[in-house]
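What follows is a single structure, written as structure tokens, with notes after it.
Just so you know, all these numbers are worked out from the coordinates, no wet-lab data involved. For clarity, every value in this text was computed on a predicted model and none was experimentally measured. With ideal geometry, Cβ positions are generated from the backbone for all residues, glycine too; neighbour counts draw on all protein chains shown.
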Amino acid sequence: MTAVDVPQLVAQAREGRPRAVARLISLVEGASPQLREVMAALAPLTGGAYVVGLTGSPGVGKSTSTSALVSAYRKAGKRVGVLAVDPSSPFSGGALLGDRVRMSDHASDPGVYIRSMATRGHLGGLAWAAPQAIRVLDAAGCDVILVETVGVGQSEVEIASQADTSVVLLAPGMGDGIQAAKAGILEIGDVYVVNKADRDGADATARELNHMLGLGEARGRHDWRPPIVKTVAARGQGIDEVVEALEKHRAWMDERGVLAERRAARAAREVETIAVTALRARMADVHGDAQLGALASRVAEGDLDPYAAADALLASLTEA
């Protein structure tokens, strides 16, 4: 792989050159040997972007809502980055690019950068490289970063650990939408959106959602109470109200230090993930599969318990 001039690439990304931003995210996705250099160069430039995650079951209109939010933020003069996480192709492993197709109206806008990322088997609705890709868009000068998850239903909760504000979308006429969501994504929302509100059942969905939220944890007088906004994203209806709700949540977090706490927790998870990944790689490099296989055989035969085997593996790694 040809080495790149990282400082020059970062400078070009800061100027808003889409090719430079694309190259940096490609280095992230490909786990380039220069990834450490890239992250070191980006670190002083991050922290200014507001990260909004959009999640919900397939078919609720996440891509249409994301596109409508892009239009609203661009009208306000904001630079917008979009990470649209798509399912992986079973043939190439790449993203299927459905979200980018639905947001084609913004393709020629220099103030918008849209990137489709493949999950590549990663569960939780996000791509494994999403945290670093968010960092790239932040450093590139995006004021708002919209992260649209893949749409996997109840288990799609990882976005709550990556976004400043999480938006959960539902739609009427999709069976029992609240039942489909309540075991997972219903618990993570900061703002709830009932999209396709021109359909029959929208009011009932909003009422049921409000009831479900009322059954949750008791909130104090100054705690954030997630609003429910009804939209018809395809026609842009209700989108200004969604933006208003997002800005209110951001202001609430700023006033109480919650935003800083969330970002610190996000950084802690990112550091932990990198450390664990490096530890696994080191174990493989130093010992390969031989020692692990030998210990596994002893565990399977009942000669050793799994905790003792893990201790032995860690002890040998420390000695190495």
Give a residue-ordered list of calculated ³J(HN,Hα) values for the stretch 44-60 (Karplus: 6.51 cos²θ - 1.76 cosθ + 1.60, θ = phi - 60°; whole Hz; x for Gly, Pro).
x, 9, 9, x, x, 8, 9, 9, 10, x, 10, 9, x, 5, x, x, 7
Under 5 Å, built H, 5+ apart or other chain: amide partners of Val51
Ile145, Asp164, Thr165
Any chance you could run the full-extension gain for Glu247 through Arg282? It's 0.36 nm times the residue separation minus the Cα-Cα distance, nm to one decimal.
8.2 nm
Could you compute the net charge surrounding Leu304? Neighbours are other residues with a C-beta less than 13 Å from the C-beta of Leu304; K and R count +1, D and E count -1.
-3
Check Ile114: other-chain or 5+ apart residues with amide H under 5 Å from its amide H, H built from backbone geometry?
Val82
